[in-house]
């Protein structure tokens, strides 16, 4: 690659650009990690979690949807952005009921691992303690809305990959919630099948295939580290 | 007493069918279909949503998501008559809460509830844009009742209890005045000898663009983007079809200038839209009229019909061969965020009003992916003048960076509320002087998302380079508690958050709860310096990257009042150390009851003084 190839700078490192790149996509290709929760290469972006917020020439933008611009200076790792990410994670934790020790997603949960990487040791804000009824009506998939972070990955996967539109977003403000398309509004009456991508794309423990909980032993889970491997 | 059975039983699908047919079962019209259906059925039961979804080829979840997004759609039963008290801070300053309580007491209902017979329900809504003639309320999301006082509320209760139809209520209740206190060129209107629209449009599109460029006109909706640059970008975007949208979703609390422009200068607004359409090459025009201004719809439709007859709209509009342009009016349904242009376009397409990911910007891909210009009502009104009198004339008014005039919606603690139009660059002090507010301690310029200006800064000018304004000018005198003003605005933003992005969805709620703690209106604990620190944290997070401007500006009132009126916060955070929301000792009361213990050892003793 020659010096004239288009690139931008991420925390002082040169990142090569391809046409149509977002900041996140270009960084990922270069092996540089920008934290995120709601993004997936498989589906269109929702830009909802804001964990990937970076400063592009000083302006806060979501790296997952912001086109990378040649010559731009992008800042991701700084004291203030580290605190910003920590606060966003803490907001998600107090918004729902995220009790890792009792959750079968533990060790495979993107929210959990991002919180760990951000050095989160407390909730910082008061808990909102929602009471959202669990929907266990589906024979093969459990919906635990208290863990939903409204990332929309299931909404998009069901629409864009499974061609089913099983999910939608409802309500507004703090009462925003995941809706299920079925006559009763329950998952068991929907068109979702356990083979759907939407049944597996959840980054947290809100949508879980049944009967496989805790199947992977501690030490072999996706985000296990040397500490947990033993 | 006649009780309408439709309100207590579930409405049938036939009502929706008539509406669906009128809209040719077009899923893009979903918001309009829900609105018109609900006007007949009072609320939208799930069975009706299922029916509408099937008729439009949409999923039930999608329709439910749209119905649950807009504050004016009811998915649980409401009364045959729905009353919504405008809940701007200015309504409250005029006593709206006491009047709401009075009406509820007379009717025997609580706010947010429907009476047992399904006759009426009473609740609050965001600002209805009648701050200069409030307190106001909305009836059935259609009519407005202004100038509420104890006597009017009593008479209103009489009508409701007697089952008097809304059409038979006294006309005086529905009177809405323009309230123009100081007119400059926009509020004076076009001169009698102004050139006709066909004469204006006979010039080339480029000549029209050049005129707007020369005027230096910047958008009046708040962001202040140069109008000509927006138009040029739309004109340059590829694609055969283009749209021009008039943003009449005047939701910023304390703003009511667009209501008056639409009521009394609609032709100027439509002239401006038509000039824009000619300049950018658009075929389709929309007015996005906020649901609160539903009462303006008949006369606006009349003006459009007259213009069609006059040949100013339709095929070969204004006599220009090949210029086909018409305007449709789309009603909102109570969602402040739809004032954001991409959220507005989503709503026009019948969806939840969630701001889009940008880029692409609306000028590149807006309504149905077509390049779309969205401008404020006042901006189009200005264009109507600029197209006739020239860009140089407009540029000679105001300041170098802020050309032309600006209309201010003045309300709150002043002798003469109403509309005041001044050249940009006019000082806050001058406006305060002319509206009669010698005791002002602060002015909220541009609404809650604008700036709270303390008396020490009244010498500043309203202009893009100093204090920009989207048109609200709410005056607070020395009797007002600016902490409570900020807390009220915090509730507004939490209520209006679309819920998409984490910082706005969660952050606005956390701000409300923390301010409630300071006000001792929630939880058991007294506030301390710890809580003030948390408020600063939340302010930082919301100013550091939200999906749209709503979240980014949601903490402006908090930030401004903490800076300028810190004493109001300090006096509410005097606890020596952090106190939790829950009363730990009270939590043990059931255990004490079970064990029948009342001794000191059965109580928690904390060091925290209460």
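Quick note: the coordinates plus some simple rules give every number you see, no bench work behind them. No experiment lies behind these values; they were computed from the predicted model shown. A quick note on method: Cβ atoms are made from the backbone with ideal geometry, for glycine too, and the neighbour counts reach across all protein chains shown.
Taking 22 Å as R0, compute the FRET efficiency from the Cβ-Cβ separation of residue A:229 and residue A:121 and round it to 0.05. Can you show the working numbers first?
Numbers: r = 22 Å, r/R0 = 0.99.
For R0 = 22 Å, the calculated efficiency reads 0.50.
Ignore the peptide's own chain and count Cβ atoms of other chains within 10 Å of each Cβ in A:52-63; give me the average, rounded.
Working: counts 1, 7, 1, 2, 0, 0, 0, 1, 5, 1, 5, 0.
What the average comes to for A:52-63 is 2.
Give me log10 I(q)/I(0) at q = 0.13, 0.19, 0.20, 0.23 Å⁻¹ for region B:122-253, Debye formula, one equal scatterer per alpha-carbon, no solvent.
-0.83, -1.18, -1.25, -1.48
Kindly provide the pair-distance distribution of region A:89-192 built from C-alpha pairs, with 5 Å bins from 0 and whole-percent values in order of increasing distance.
Bin by bin from 0 Å, the calculated values are 2, 11, 19, 23, 20, 14, 7, 3, 0.
If you average the alpha carbon positions of region A:203-229 and of region B:461-478, how far apart do those two centres end up, in angstrom?
55
Determine the equivalent ellipsoid of the protein assembly as shown by diagonalising the alpha-carbon gyration tensor, then write out the semi-axes as square roots of 5 times the eigenvalues, largest first, rounded to whole Å. Can you show the working numbers first?
On the way: eigenvalues 356, 235, 183 Å².
Listed largest to smallest, the semi-axes of the protein assembly as shown are 42, 34, 30 Å.
With 15 Å as the cut-off, how large is the P(r) tail for region B:81-174, expressed as percent of Cα-Cα pairs? It would help to have the intermediate numbers written out before the result.
Details: 2340 of 4371 pairs.
It works out to 54 percent of all Cα pairs.
I'd like the distance between the alpha-carbon centres of region B:220-282 and region B:79-134, rounded to an integer number of Å.
Computed from Cα coordinates, the inter-centre distance equals 33 Å.
What's the FRET efficiency of residue B:585 with residue B:521 using the Cβ-Cβ distance as r and R₀ = 22 Å, to the nearest 0.05?
Details: r = 21 Å, r/R0 = 0.95.
After rounding to 0.05, the efficiency reads 0.55.
Averaging over every viewing direction, what projected area does the convex hull of the Cα atoms of region B:481-610 cover, in nm²?
Details: hull surface 37.1 nm².
Here the figure is 9.3 nm², rounded to one decimal.
Sorting A:53, B:75, B:574 on the 10 Å Cβ count, fewest up front, what's the list? Present the calculation step by step, with values, prior to reporting the outcome.
On the way: A:53 29, B:75 17, B:574 10.
Going from sparsest to densest Cβ surroundings: B:574, B:75, A:53.
Please compute, for the alpha-carbon atoms of region B:432-525, the extent along each of the three principal axes and give them in descending order in Å.
43, 30, 18
Could you tell me what % of all Cα pairs in region B:202-277 have separations over 13 Å? Walk me through the intermediate numbers first.
Working: 2073 of 2850 pairs.
Percent of Cα pairs beyond 13 Å in region B:202-277: 73.
Taking the Kirkwood radius as the inverse of the mean 1/r across Cα pairs, report the Rg/Rh of chain A. Kindly include the intermediate steps, with their values, before the conclusion.
Working: Rg = 18.8 Å, Rh = 19.0 Å.
That ratio equals 0.99.
Could I have the simple spin-label model distance between residue A:18 and residue B:576, label points 7 Å from Cα toward Cβ, reported in nm to one decimal?
Simple spin-label model gives 6.4 nm for this pair.
Could the peptides B:251-260, B:161-170 be put in order, highest first, of the mean number of other beta-carbon atoms found within 10 Å of their residues? Write out the running numbers ahead of the final one.
Values: B:251-260: 27.4, B:161-170: 12.1.
Per-residue Cβ counts within 10 Å, averaged per peptide and sorted highest first, yield B:251-260, B:161-170.
When you have a sec, figure out the Kirkwood radius of region A:7-77 from all distinct Cα pair distances and drop it here in Å to one decimal?
Every distinct Cα pair counted, the radius reaches 11.8 Å.
Please report B:531, B:171 as a ranked list, fewest other C-beta atoms within 10 angstrom at the top and most at the bottom.
Numbers: B:531 20, B:171 6.
Taking fewest neighbouring Cβ atoms as first place, the list is B:171, B:531.
In whole angstrom, how far apart do the alpha carbon centroids of region B:424-449 and region A:134-194 sit?
49
Can you tell me, using C-alpha contacts under 8 Å and at least 6 residues apart, the relative contact order of region B:5-67 as a whole percent? Could you put the intermediate results ahead of the total?
On the way: 50 pairs, mean separation 23.4, N = 63.
Across region B:5-67, relative contact order equals 37 percent.
Quantify how strongly other chains surround peptide A:161-172 by giving the mean number of their Cβ atoms within 10 Å of each of its Cβ atoms. Let's see the in-between values first.
Numbers: counts 0, 0, 0, 1, 5, 2, 4, 11, 10, 11, 8, 17.
For this peptide, the per-residue mean of nearby foreign Cβ atoms is 6.
Could you give the C-alpha radius of gyration of region A:21-150 expressed as a fraction of 2.2 N^0.38 Å, taking N as the number of residues it contains? Show your work: numbers first, answer last.
Working: Rg = 16.2 Å, N = 130, 2.2 N^0.38 = 14.0 Å.
Against the compact-globule rule of thumb, the ratio is 1.16.
Express the Stokes-Einstein translational diffusion coefficient of chain B in µm² s⁻¹, to the nearest whole number, given a Kirkwood radius over alpha-carbon pairs, 10 °C and a viscosity of 1.306 mPa s.
Details: Rh = 25.7 Å.
Reported coefficient: 62 µm²/s.
From the alpha carbon gyration tensor of region B:5-67, can you work out the equivalent ellipsoid semi-axes (sqrt of 5 times each eigenvalue) and give them in Å, largest to smallest? Kindly include the intermediate steps, with their values, before the conclusion.
Values: eigenvalues 59, 32, 18 Å².
Values for region B:5-67, descending: 17, 13, 9 Å.
By DSSP, what percent of the beta bridges with both residues in chain A are antiparallel, rounded to the nearest 5? Each step should come with its number before you reach the end.
Working: 19 of 21 bridges.
That works out to approximately 90 percent antiparallel.
Taking the Cα-to-Cβ direction at residue A:184 and at residue B:105 and moving 7 Å from each Cα, how far apart do the two end points lie in nm?
Those two pseudo-labels are separated by 4.7 nm.
With the crude spin-label approximation of a point 7 Å out along Cα→Cβ, what separation in nm comes out for residue B:98 versus residue A:132?
4.2
According to the Kirkwood expression over distinct Cα-Cα pairs, how big is the hydrodynamic radius of region B:405-479, in Å? Show your work: numbers first, answer last.
On the way: mean 1/r = 0.0855 Å⁻¹.
Evaluated over region B:405-479, this radius sits at 11.7 Å.
For region B:8-151, report the % of Cα-Cα distances exceeding 21 Å. Write down the numbers at each step before the final one.
On the way: 4830 of 10296 pairs.
Of all Cα-Cα pairs in region B:8-151, 47 percent lie more than 21 Å apart.
Among rounded, prolate and oblate, which fits region A:125-170 when a ≥ b ≥ c are the square roots of the eigenvalues of its C-alpha gyration tensor, a/c under 1.5 means rounded, and a/b larger than b/c means prolate? Mind showing how you got there, number by number?
On the way: a/c = 3.08, a/b = 1.54, b/c = 2.00.
Verdict is oblate for region A:125-170.
When a/c reaches 1.5 or more, the comparison of a/b and b/c decides; with that in mind, is region B:191-391 rounded, prolate or oblate per its Cα gyration tensor?
Judged from the Cα gyration tensor, region B:191-391 comes out rounded (a/c under 1.5).
On average, how many beta carbons from a partner chain sit within 10 Å of the beta carbon of a residue in B:502-514?
On the way: counts 16, 7, 3, 11, 15, 5, 2, 8, 9, 0, 1, 4, 2.
Taking the mean over all residues of the peptide, I get 6.
By average Cβ neighbour count within 10 Å, what is the ranking of B:199-206, A:112-119, B:141-148, B:350-357 from highest down? Can you show the working numbers first?
Numbers: B:199-206: 15.8, A:112-119: 17.6, B:141-148: 20.5, B:350-357: 22.6.
Going by the mean number of other Cβ atoms within 10 Å, highest first, we get B:350-357, B:141-148, A:112-119, B:199-206.
Among B:244, B:512, which comes first, second and so on when ranked by fewest other beta-carbon atoms within 10 Å?
Values: B:244 31, B:512 20.
The most exposed by this proxy come first: B:512, B:244.
Provide, for q = 0.12, 0.13, 0.14, 0.17 Å⁻¹, the log10 of I(q)/I(0) from a solvent-free Debye sum over equal Cα point scatterers in region B:288-391.
Log-scaled intensity ratios, in q order: -0.51, -0.60, -0.70, -1.00.
Using only alpha carbon pairs under 8 Å that are at least six residues apart, calculate the relative contact order of chain A and give it in whole percent. Write out the running numbers ahead of the final one.
Values: 396 pairs, mean separation 39.8, N = 230.
Computed value for chain A: 17 percent relative contact order.
State, as an integer percentage, the relative contact order of chain B based on alpha-carbon contacts under 8 Å between residues 6 or more apart. Let's see the in-between values first.
Details: 1215 pairs, mean separation 75.4, N = 610.
Answer for chain B is 12 percent.
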